[in-house]
Structure formats: C-alpha cells, structure tokens
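Down below is the structure, laid out as structure tokens.
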Amino acid sequence: MSALKEKLLKVKEKVKNHPLLYVEDHEALRENMEKLLGMVFSQYTLAEDGQAGLDAFKENNHSIVIADLNMPRMNGIEMIQEIKKINPFVKIIIATAQTDEENMLHAIDAGVFRYLKKPLKLEILVDTLYD
C-alpha cells in the first residue's frame, strides 16, 4: 500500500465525526473536489460562494472549512470572520490562487489553520487534513 493511500485511510478515520464545508465559486473545481471529499468524509457540504458557505455553516456548524478567498456575494475573509464568531474552534483551510502578502495576513488575522495555494496537490491536502 502506498504511503499516500495509508495516510488517506488515517485521515478518513480521524475525520469520521467531523463534518466538512467546502466553499468554492468555480463549479468545475467544486465538482472535482466533491469526488475526493466523498472518499474521505462521511459528512460534507458544498457551497458556491461566501454567503452560501456562511448559511451552510449556520445550519450544520462544521468542524472543518476549506474555502477560497475571492468569491461573489461575500469574500472568504468576511465569511471566515463570521464563522469564527459562531465557532472560534473551527479549523479553516484557505485554498486559493491568491498568494499576496496582504491576503495571507488577513487570513492569519481571521484565524485560519492553513493557507494552501491552488492548484491543490493531493498530498498536501491530505497532510493538512491529517494535521
């Protein structure tokens, strides 16, 4: 069994009681990620923008959130700030093509767990979820 597959199985066991929210405005990326999420998470929700993500979080109070920064209706930082008001302990992972220092600092100030650069590499995402 490959090391990645072993770690993926460990991640699946670790997150089995932790619902995930994935917020991504790009439809194709959201659909591709759904395939991976379905293999790992027993409970997950997809949202197409920041406002839909916040609404979904209010309904389900997810343990883990993976979100983009630049989205319509509400950007990722605003959504994160609102989510952290509801649950300051939620683990939030930013997955974005935006790597400028200002966005990273805003994300850190908002309390993100990790800041990942798109395109996401499976190994890095698995390692992050494992952590």
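Filter region 1-24 for residues that are in contact with a strand residue (DSSP E or B) (Cβ under 9 Å, 6 or more places away or on another chain) and not hydrophobic (A, V, I, L, M, F, W, C) and give the result. Result: H18, P19, Y22, E24.
Residues that are part of a helix (DSSP H, G or I) and in contact with a strand residue (DSSP E or B) (Cβ under 7 Å, 6 or more places away or on another chain) within region 25-53 comprise R30, M33, E34, L37, G50, G53, listed in sequence order. Checked against the criterion of being surrounded by fewer than 17 Cβ atoms within 10 Å (Cβ to Cβ), among the hydroxyl-bearing types (S, T, Y) and closer than 27 Å to L8 by Cβ, the candidates Y115, Y130 yield just one match: Y130. Residues of region 9-24 that are assigned to a helix (DSSP H, G or I) and open to solvent by 40 Å² or more (accessible area, probe 1.4 Å): L9, K10, K12, E13, K14. The set of residues in region 113-131 that are in contact with a strand residue (DSSP E or B) (Cβ under 8 Å, 6 or more places away or on another chain) and not in a loop (DSSP other than H, G, I, E, B) comprises R114, Y115, L116, K117, I124, L125, T128, L129. Filtered by the rule that a residue be of a type in the set (A, V, I, L, M) and more than 17 Å from I77 (Cα to Cα), region 18-40 gives L20, A28, L29, M33, L36, L37, M39, V40. Cβ-Cβ contacts under 8 Å between residues 6 or more apart (or on different chains), taken from a first residue in region 17-40 that is at negative phi to a second residue that is acidic (D, E) and in a helix (DSSP H, G or I), are listed as Y22/E34. Only residues that are at pLDDT below 95 and open to solvent by less than 60 Å² (accessible area, probe 1.4 Å) were counted across region 26-59, and they come to 8. For region 60-112, taking the residues that are open to solvent by 80 Å² or more (accessible area, probe 1.4 Å), outside any loop (DSSP other than H, G, I, E, B) and free of Cβ contacts under 8 Å to residues at least 12 places away in the same chain, the one that is nearest to L46 (Cα to Cα) is identified as K85.
The values are calculated or read from the model by the stated rules, or taken from the named source; none is laboratory data. As the structure is a computational prediction, the values presented were derived from the model and not from experiment. No Cβ is skipped: glycine too gets one built from the backbone with ideal geometry, and neighbour counts run over all protein chains shown. Accessible surface areas use protein heavy atoms only, side chains included; no ligands, DNA or RNA. Shrake-Rupley method; radii C 1.70, N 1.55, O 1.52, S 1.80 Å.
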